[in-house]
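Down below is the structure, laid out as structure tokens.
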Amino acid sequence: MKTMTCSQLGGPCDLQHHGETADDVINAQDRHLKEAVAAGDSAHEQARKDMKWRWIHPKKAMGWYNDMKKAFADLPED
Ligand SMILES: [Zn+2]
């Protein structure tokens with residue numbers, strides 16, 4: 001397991017996501033952003049919009065995914 005925070009994934013807080021793969025923590029971040037915005041947390045709105053944009057434009061967002069995968073790969077195991 002490895003840990004990435006909301007802020008490492010482009011968000012505004014230090015909530016930790018744990019996962020076996022970069023996709024795990026990216027999906028956890030997506031859920032976290034949805035929940036935060038649904039709860040009225042305006043600080044997470046921009047990150048939520050950015051994440052939505054990436055789902056709509058996967059090719060343009062490939063650089064971000066590759067950066068996140070590399071960052072995840074470079075992390076130590078928990
Ligand atoms: Zn957050």
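Only helices enter the 222 nm calculation for the chain: every DSSP H run of n ≥ 4 contributes -39,500 (n - 2.57), and dividing by all residues gives -17500 deg cm²/dmol, rounded to 500. Distant-in-sequence amide contacts of residue 17, defined by a placed amide H-H separation under 5 Å and a gap of 5 or more residues or a different chain, comprise 4, 5, 6.
A viscosity of 1.002 mPa s and a temperature of 20 °C, combined with the Kirkwood radius over C-alpha pairs in the Stokes-Einstein formula, give the chain a diffusion coefficient of 170 µm²/s. Comparing mean-square fluctuations of 47, 38, 28 from a GNM of the chain with C-alpha springs under 10 Å, the top value falls on 38.
Karplus-derived 3J(HN,Hα) values for segment 31-43, using 6.51 cos²θ - 1.76 cosθ + 1.60 with θ = phi - 60°, are 5, 4, 5, 4, 5, 5, 5, 4, 7, x, 7, 5, 5 Hz; glycine and proline are entered as x.
For the chain, lysine pairs with C-alpha atoms less than 20 angstrom apart, excluding pairs fewer than eight positions apart on the same chain, total 12.
Note that segment 6-22 has calculated 3J(HN,Hα) couplings of 3, 5, 5, 9, x, x, x, 10, 10, 4, 9, 10, 10, x, 8, 9, 4 Hz, one per residue in order, obtained from phi through the Karplus relation 6.51 cos²θ - 1.76 cosθ + 1.60 (θ = phi - 60°); glycine and proline are x.
Just so you know, all these numbers are worked out from the coordinates, no wet-lab data involved. Keep in mind that this is a model prediction, so the values were computed, not measured.
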